[in-house]
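Enquirer: Before I ask anything, let me first share the structure, which is written out below as structure tokens.
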Amino acid sequence: MSSFPERAKVVIVGLGGIVGASVAHHLIERGWDDIVGIDKSGIPTDIGSTAHASDFCYTTSHDLLSTWSTQYSVDFYEKMGHYARIGGLEVARVGDDERMEELKRRVDSGRAFGTRVRIITAAEAKEKFPLLEEDQIQGAMWDPDAGLVIPRSQTVAGKLVDQAEKSGKLKAFANTPALELITEDGRVKGVKTTRGTIYADHVVVCAGIWGRLIAAMAGEDLPVMPVDHPLTFFGPYDEFAGTGKEIGRPLLRDQGNSAYLRDTGDPATTEGGQIEWGYYYEEEPRLVHPRDILEKGQARLGPSMRDLVLEDVIEPLEKAMELTPILAELGFNESHSFNGLLQTTTDGGPSMGESRKLRGLWYAVAIWVKDGPGMGKLIADWMSDGRTHIDHHGIDYSRFSDFQLTEEFIHDRCWETAKKIYNPPVHVREPFSKGRNLRRSPFYEREVELGGYFMELGGWERAHGYAANEHLLEKYADQVPLREAEWDNRHFWRVSNAEQLEMSADCGLINLSHFHMTDISGPDHVELMEYLCAAKIGGDANIGKGIYTHMLDDEGNVRADFTVFRMADRCRLVNGADAGPRDQMYMRRMAADRGLDVTITDVTEAFTTIGIWGPNARENLKKVVADPDMLEKENFPFAAIKTIEIAGKKVSAFRISYVGEQGWELHMAYEDGLAVWDALRSTGVMAVGVETYANSRRLEKSLRLQNADLHTQYNLYEADLARPKVKEADFRGKAKHVEYRARDHQPAMLCTLVMTENTDRNGVKRYPNTTMPVMDPETGETLIDDLGRRSYTSSVAFGPSIGKNIALAYLPWDYCQKGRKLTVSYFDEVYPVEVAGVGYEPLYDPENLKPRS
């Protein structure tokens with residue numbers, strides 16, 4: 001082994017696992033060199049999750065990024081000669097209709113994101129997997145691309161490290177734990193280890209279940225937790241003796257029992273001659289903080305392989321024996337069975353990207369084997385280009401707020417996600433029960449009195465509707481359908497549609513306290529915002545205005561959307577609760593990189609917002625303001641911001657509408673919110689749940705949502721949000737933006753679709769709420785544009801004012817014609833849709849006359 005270097009361009013902490021090895025490989029592939037990798041134990045690891053992983057891969061997830069990363073990883077393993085593409089089954093037991101429906105939904109996601117999964121019968125499942133009791137299941141999903149990393153992902157990690165070392169661009173040091181991070185002026189400068197200190201420009205943390213301990217050296221935490229995962233082995237099983245196979249039959253997932261099963265192939269192979277049965281604890285998941293993980297030599301099998309008591313899993317195991325009796329016929333290999341530690345996270349996504357505290361410190365933590373090479377590529381691309389080819393907002397570590405990184409929050413949310421790793425199927429609107437009531441509006445108790453139906457976003461409790469308004473259901477019974485299908489109705493309150501209709505007939509208040517707000521001040525604040533935003537921010541004419549704008553990346557694609565309040569001495573960025581933390585971190589980094597003198601302050605909890613909208617909004621607001629004449633149309637232009645007084649409190653009134661009606665956003669100090677709410681309510685104005693704002697009326701108005709309809713895989717012209725003119729000032733992404741502008745047409749456009757028939761095969765009217773593939777009715781194939789991007793619904797909701805299910809989806813240019821007939825798939829059943837608008841074309845008030853009235 002070479003002597004330990006004093007300096008490197010990159011240090012990888014945790015080189016020995018599949019993630020660290022993949023990061024090293026992909027950095028070298030991108031042209032990086034002078035990389036040093038360290039690991040606290042062997043390389044490849046003999047103590048991390050990679051050392052005991054089950055190593056199987058299923059390709060279908062309910063989001064594009066996860067599906068892509070698994071597909072990339074599978075292809076990567078296969079090209080290395082280390083993947084058995086043997087296929088995999090997911091079964092639904094007799095009586096478990098919820099699981100069967102989930103399998104159908106996975107087929108929809110497969111069509112949307114490009115996998116080959118399909119539903120098969122119980123008989124077909126039995127044919128593919130003879131050990132299965134056919135009468136125990138009602139059907140299954142077949143994934144022909146599922147398979148096993150062979151002989152082990154641990155082997156692949158070692159091979160990648162060997163190749164990297166032979167290239168001369170990586171030096172690897174086993175048994176070299178990181179002791180401390182060397183920092184200076186907010187940057188990581190190196191790592192202190194047991195072999196000495198090494199200085200580096202970049203440090204990448206790939207330490208898996210110990211990742212939080214490295215993050216603690218930077219003064220921060222990662223929202224992940226190691227959790228016990230029982231792996232049991234039964235044998236001897238000699239079915240594939242003499243074949244040399246690492247696995248003989250397809251994989252089997254029985255997720256309704258939170259379990260899976262696979263054979264281990266020829267007894268002569270690595271772990272052959274057995275049946276492996278794995279399980280995830282549903283009722284009492286066993287989390288362990290990494291500081292409590294035993295060291296090597298203290299544990300019987302290893303630090304990440306904890307002792308298992310068979311009695312702890314006997315009930316699901318007995319249920320598994322009903323499905324696959326072979327388990328009861330073989331002997332239990334107690335010495336080989338254990339609780340393997342893997343990671344769960346607070347929101348289902350890994351922690352990736354640059355540190356929130358230290359520039360140059362990167363994380364790639366909480367990544368499973370099925371995604372290791374894919375996520376390794378993303379980190380390498382991100383470090384090389386500042387972006388990735390696929391939008392990464394769902395994995396970016398900067399997506400979290402401070403309150404989401406406390407130890408209690410991390411534990412509680414991870415406990416909840418650990419309970420649902422396999423079962424039950426997680427609804428697209430599934431609320432968390434833990435980590436709640438952390439942020440409340442100043443008038444929260446008033447909403448409770450109204451019978452608010454609360455969900456949470458960004459820590460804020462938001463009422464989606466109010467029981468006090470349910471008398472309106474009788475008034476609007478013919479416009480607010482009953483949702484007979486339980487999935488369509490789950491976590492949805494029908495009253496919200498009635499509230500929308502009443503708001504459009506009269507007036508309503510909407511709690512918008514969830515807005516994330518950032519103040520940007522200092523000598524260079526306008527310069528920073530001018531560079532980051534596609535719209536013009538500077539100039540005296542913009543002072544006192546609210547400017548809707550976007551941040552683009554270097555490829556001219558949409559990174560963020562928000563409103564900027566231009567004040568004389570600062571800009572206030574008003575953003576969504578979930579997008580705000582990430583955009584704020586981005587601004588801080590960009591200001592530092594450009595050497596600008598600015599002060600960036602999170603003022604989210606210092607202010608609150610109420611929306612008042614409807615044809616009678618002006619007349620009702622006049623009743624409580626100190627100067628009613630100020631609200632007249634000629635005195636208060638659209639998009640203007642003026643200070644008004646309500647109940648003796650100063651309020652910044654912004655004349656704008658996200659719900660397609662006349663009205664204002666009212667911004668005020670948090671402590672003034674209750675008085676203003678009470679004053680507005682005293683006029684008789686109804687409270688309206690945020691469902692109208694966030695979903696139903698938004699879709700009727702063809703309004704786009706960041707991280708759903710807007711992201712870095714499409715440009716501003718494709719979203720039909722580009723300004724008529726490109727501003728003179730330079731801004732990030734301008735060159736590409738101008739290039740796209742010169743095209744005769746864009747490769748795709750964001751279109752509005754309406755479902756022309758929503759009755760399913762059982763005669764039930766359906767109200768979709770999940771991602772659906774958009775298909776050509778003649779071929780049945782999902783649409784794909786010239787850049788290889790697949791068409792799927794990015795937003796969907798029933799619009800009570802229009803009386804139809806409405807969706808947004810990017811369509812290839814050749815399909816962008818109003819009236820074009822297409823199809824979508826919802827729970828593996830095809831429904832007809834029609835293109836109702838190409839680009840921004842509201843269905844409700846298409847001329848936008850109501851907001852300007």
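The values are calculated or read from the model by the stated rules, or taken from the named source; none is laboratory data. Just so we're clear, the structure is a prediction, and the values are computed from it rather than from any experiment. Here Cβ is always computed from backbone atoms with ideal geometry, including for glycine, and neighbour counts include all displayed protein chains. In case anyone asks, the SASA skips ligands and DNA or RNA and just uses the protein heavy atoms, side chains included. Shrake-Rupley method; radii C 1.70, N 1.55, O 1.52, S 1.80 Å.
Enquirer: With +1 on each Lys and Arg Cβ and -1 on each Asp and Glu Cβ, and nothing else charged, work out how big the dipole of the chain is about its Cα centre, in Debye to the nearest 20.
Expert: 2160
Enquirer: Using just the C-alpha positions of the stretch 140-232 as equal point scatterers, what log10 of I(q)/I(0) does the Debye formula give at each q in 0.26 1/Å?
Expert: Results for the stretch 140-232 at q = 0.26 Å⁻¹ read -1.35.
Enquirer: Can you spot the lysines whose alpha carbon is less than 17 Å from Lys701's alpha carbon? Ignore those fewer than 8 places along the same chain.
Expert: Output for Lys701: Lys804, Lys818, Lys850.
Enquirer: Something else about it: Let me see the P(r) profile for the stretch 649-734: every Cα-Cα distance counted, bins of 5 Å, each bin given as a percent of all pairs.
Expert: Per 5 Å bin, starting at 0, the Cα pair percentages come out as 3, 10, 14, 17, 17, 13, 11, 8, 5, 1.
Enquirer: Would you please classify the overall shape of the stretch 747-853 from the alpha carbon gyration tensor, given that a ≥ b ≥ c denote the square roots of the eigenvalues, rounded means a/c under 1.5, and beyond that prolate means a/b larger than b/c while oblate covers the rest?
Expert: Because a/c hits 1.5 or more and a/b fails to exceed b/c, the stretch 747-853 counts as oblate.
Enquirer: Just to compare against my own numbers: the Cα pair-distance distribution for the stretch 784-830, 10 Å bins, whole % per bin, please.
Expert: P(r) over the stretch 784-830, rounded to whole percents: 21, 51, 25, 3.
Enquirer: Test of the criteria: in the stretch 6-89, which GluC sites (Glu not before Pro) are in a DSSP loop and have at most 16 other Cβ atoms within 10 angstrom of their Cβ?
Expert: Taking the stretch 6-89 and a limit of 16 other Cβ atoms within 10 Å, the loop GluC sites (Glu not before Pro) found are Glu6.
Enquirer: Using helices alone, I'd like the mean residue ellipticity at 222 nm for the chain: each DSSP H run of four-plus residues gives -39500 (n - 2.57), total over residue count, nearest 500.
Expert: Only helices count here, giving -6500 deg cm²/dmol.
Enquirer: Right, another one. Please list, or write none, the aspartates and glutamates whose alpha carbon is within less than 13 Å of the alpha carbon of Lys169, excluding same-chain residues fewer than 8 places away.
Expert: Glu29, Asp33, Asp34
Enquirer: What number comes out for the charge environment of Asp488, summing +1 per Lys or Arg and -1 per Asp or Glu over other residues with Cβ under 9 Å away?
Expert: Computed value for this residue: +2.
Enquirer: Sticking with this one: May I ask you to evaluate 6.51 cos²θ - 1.76 cosθ + 1.60, the Karplus curve with θ = phi - 60°, for each residue of the stretch 750-756 and list the ³J(HN,Hα) values in order in whole Hz, giving x for glycine and proline?
Expert: 6, 10, 9, 10, 10, 7, 8
Enquirer: Moving on. Which net charge results for the neighbourhood of Val309, defined as the other residues with beta-carbon distances under 12 angstrom from its beta-carbon, given Lys and Arg at +1 and Asp and Glu at -1?
Expert: Here the charged neighbours net out to -3.
Enquirer: Can you find, among Gly663, Gly114, Gly394, the residue farthest towards the positive end of the dipole of the chain? Put +1 on the C-beta of Lys and Arg, -1 on that of Asp and Glu.
Expert: So the residue furthest toward the plus end is Gly663.
Enquirer: Here is a follow-up. Given a 1.4 Å probe and every protein chain left where it sits, what share in percent of the accessible area of the chain is carbon and sulfur?
Expert: Roughly 47 percent of what the probe reaches on the chain is carbon or sulfur.
Enquirer: Still on this structure, I have one more. With viscosity set to 1.306 mPa s at 10 °C, what whole-number translational diffusion coefficient in µm²/s follows for the stretch 330-469 from Stokes-Einstein and a Kirkwood radius over Cα pairs?
Expert: The diffusion coefficient I find is 88 µm²/s.
Enquirer: I need the peptides 612-622, 43-53 ranked by packing, meaning the mean over residues of other C-beta atoms within 10 angstrom, with the highest value on top.
Expert: 43-53, 612-622
Enquirer: Could you tell me the largest-minus-smallest coordinate of the C-alpha atoms of the chain on each of the three principal axes, in descending order and whole angstroms?
Expert: 88, 67, 54
Enquirer: Give the accessible area for Glu165 in Å² (nearest 10); use a 1.4 Å probe, count only protein heavy atoms, and leave out ligands, DNA and RNA.
Expert: It works out to around 80 Å².
Enquirer: So if I restrict to the alpha-carbon atoms in the stretch 506-627, what is the Rg, and what is Dmax, the biggest pairwise distance, in Å?
Expert: Taking only Cα atoms of the stretch 506-627, I get Rg and Dmax of 16.1, 51 Å.
Enquirer: Treating only the Cβ atoms of Lys and Arg (+1) and Asp and Glu (-1) as charged, compute the dipole magnitude of the stretch 433-590 about its Cα centre; round to the nearest 20 debye.
Expert: Approximately 460 debye in magnitude.
Enquirer: Right, next: What dipole magnitude, in Debye to the nearest 20, does the stretch 353-501 give about its Cα centre under +1 on Lys/Arg Cβ and -1 on Asp/Glu Cβ?
Expert: Here the stretch 353-501 has a charge dipole of around 440 debye.
Enquirer: Considering the dipole of the stretch 280-381 built from charges on the beta carbon (Lys and Arg +1, Asp and Glu -1) around the Cα centre, which of Pro373, Leu308, Ala320 is farthest to its positive end?
Expert: Pro373
Enquirer: In whole angstrom, how long is each semi-axis of the equivalent ellipsoid of the stretch 415-459, when you take the square root of 5 times every eigenvalue of its Cα gyration tensor and sort them from largest down?
Expert: Three semi-axes, in Å: 26, 12, 8.
Enquirer: A follow-up question, please. Can you tell which of Leu753, Val764, Asn848 lies farthest toward the positive end of the dipole of the stretch 732-853, using +1 and -1 charges on the Cβ of basic and acidic side chains (Lys, Arg; Asp, Glu)?
Expert: Of the listed residues, the answer is Asn848.
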